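Taking it in order: structure first as structure tokens, then the write-up.
All of the numbers you see were taken from the coordinates with simple rules; none came from a lab. Since the model is a prediction, treat every value here as computed from it, not as a measurement. Cβ sites come from the backbone with ideal geometry, for glycine too, and all protein chains shown count toward neighbours.
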Amino acid sequence: MTASATLGPARDKFAGVLLIALSATAFGAMAIFARFAYASGADVYGLLAVRFVVAAVAMAVVLRTRGIALPPWRRVLALAAMGGIGYVGQSYCFFTALNHAQASLVALLLYLYPLFVTLLAAVFLKEKLTTTSVIALVLCSVGAGLTVGGGEGAPLGIALGVAAAVIYSVYIVVGARVTAGVNAIATTTVICAAAAVVYVTVGIVRAGLGVPPQFPGTGGGWLALLGIALVSTVLAILTFFAGLQRLGAAKASMLSTLEPVVTVVLAAALLGEHIGVTQAVGGALILLGVLWLTRRASGTPPADARD
């Protein structure tokens with residue numbers, strides 16, 4: 001075997017690591033972008049309408065450029081239901097929670113979703129709870145308690161953060177079947193488009209009732225909003241898929257645990273959020289539980305959409 005043949009796979013793996021790290025960083029910055037958009041006058045309805053409209057258009061361009069076909073219409077309708085119900089519900093809870101709790105706290109609570117997926121699979125799909133699952137359950141449960149106790153947030157923000165994780169878990173369990181055999185880019189495009197339709201419709205209805213969506217009042221706010229759509233949605237998804245192809249699902253999922261770490265660091269640096277020892281230990285236990293579960297699991301959930 002030549003030196004170039006040996007270096008080729010190594011370079012490919014290294015590129016995969018960089019791509020997943022970039023994806024996790026982009027996803028992790030989403031909560032920070034949202035805080036800046038809110039500070040400039042946007043509300044959750046305006047923010048999410050713009051996010052999904054811009055993301056859907058950008059993903060459609062990628063879809064067409066790569067020559068990827070949409071699945072049969074029956075499958076498109078199922079994916080649209082996932083986006084219009086599951087993704088809308090999860091994103092609403094997550095972004096509303098950011099108005100009532102620390103960005104770092106919300107990000108860490110969302111990362112309980114792998115644990116909830118495991119529990120839902122055990123209850124509804126009759127998958128056996130292994131020793132690994134139980135250990136992860138204990139670590140994440142203790143970590144969640146410490147994170148909530150050490151973080152700053154109203155009960156509503158904490159409840160919405162947990163709700164976002166639960167809804168995302170249901171979305172993943174359902175999506176494991178609905179998305180089977182469908183190109184990931186096509187899946188994401190349909191889901192984003194469906195979410196865009198829902199939020200634009202809600203915005204129109206609210207405007208008719210005299211409470212129209214609020215959009216950023218400054219250039220910086222609009223940049224933050226576009227950052228959510230283009231950086232934390234489109235770029236994050238595309239780089240994740242590119243890294244996934246080079247590393248495989250297990251390693252990509254493990255590296256993706258950088259996401260809440262990025263949020264915590266950026267929240268401390270840019271938003272001035274104080275990260276106490278208790279919250280730090282709790283967050284570390286959640287991530288340890290997720291890593292333990294991911295490393296031991298034989299498969300991983302679909303990554304068609306996030307947050």
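Just a few scattered comments:
- Backbone HN-Hα couplings from phi across segment 185-200 [Karplus 6.51/-1.76/1.60, Hz, Gly and Pro as x]: 5, 5, 4, 5, 4, 5, 5, 5, 5, 5, 5, 4, 4, 5, 5, 5
- Column: log10 I(q)/I(0), Debye, Cα scatterers of segment 61-193, q = 0.15, 0.16, 0.21 Å⁻¹: -0.81, -0.88, -1.14
- Pair-distance profile P(r), taking every C-alpha pair of segment 112-166, with 5 angstrom steps and integer %: 4, 18, 24, 23, 15, 9, 5, 1
- Stokes-Einstein diffusion for segment 47-138, with the hydrodynamic radius set to the Kirkwood value over Cα pairs and evaluated at 4 °C in a medium of 1.567 mPa s, equals 79 µm²/s.
- Ellipsoid equivalent to the chain - semi-axes via the Cα gyration tensor, in Å: 28, 25, 20
- FRET efficiency for the pair A21 and V138, taken as 1/(1 + (r/R0)^6) with r the Cβ-Cβ distance and R0 = 41 Å, rounds to 0.90.
- Relative contact order (percent, whole number), the chain, Cα cutoff 8 Å, 6+ residue spacing: 42
- Here the label points at A280 and T218, each 7 Å from Cα along the C-beta direction, are separated by 3.0 nm in the simple model.
- Candidates M59, M82, M254, ranked by Gaussian network fluctuation over the chain, Cα under 10 Å, top entry: M254
- Value at 222 nm in deg cm²/dmol, rounded to 500, when DSSP H runs of n ≥ 4 in the chain each add -39,500 (n - 2.57): -24000 deg cm²/dmol
- Per-residue Cβ neighbour rank within 10 angstrom, fewest leading, V234, V162: V162, V234
- Annotation for L129 and R74: the two label points, set 7 Å from Cα along the Cα-Cβ direction, are 3.6 nm apart.
- Note that segment 102-114 has calculated 3J(HN,Hα) couplings of 4, 4, 5, 5, 4, 5, 5, 5, 4, 6, 7, 4, x Hz, one per residue in order, obtained from phi through the Karplus relation 6.51 cos²θ - 1.76 cosθ + 1.60 (θ = phi - 60°); glycine and proline are x.
- Sparsely packed trypsin sites (Lys or Arg not before Pro) within segment 1-108, loop by DSSP, other Cβ within 10 Å at most 12: R66
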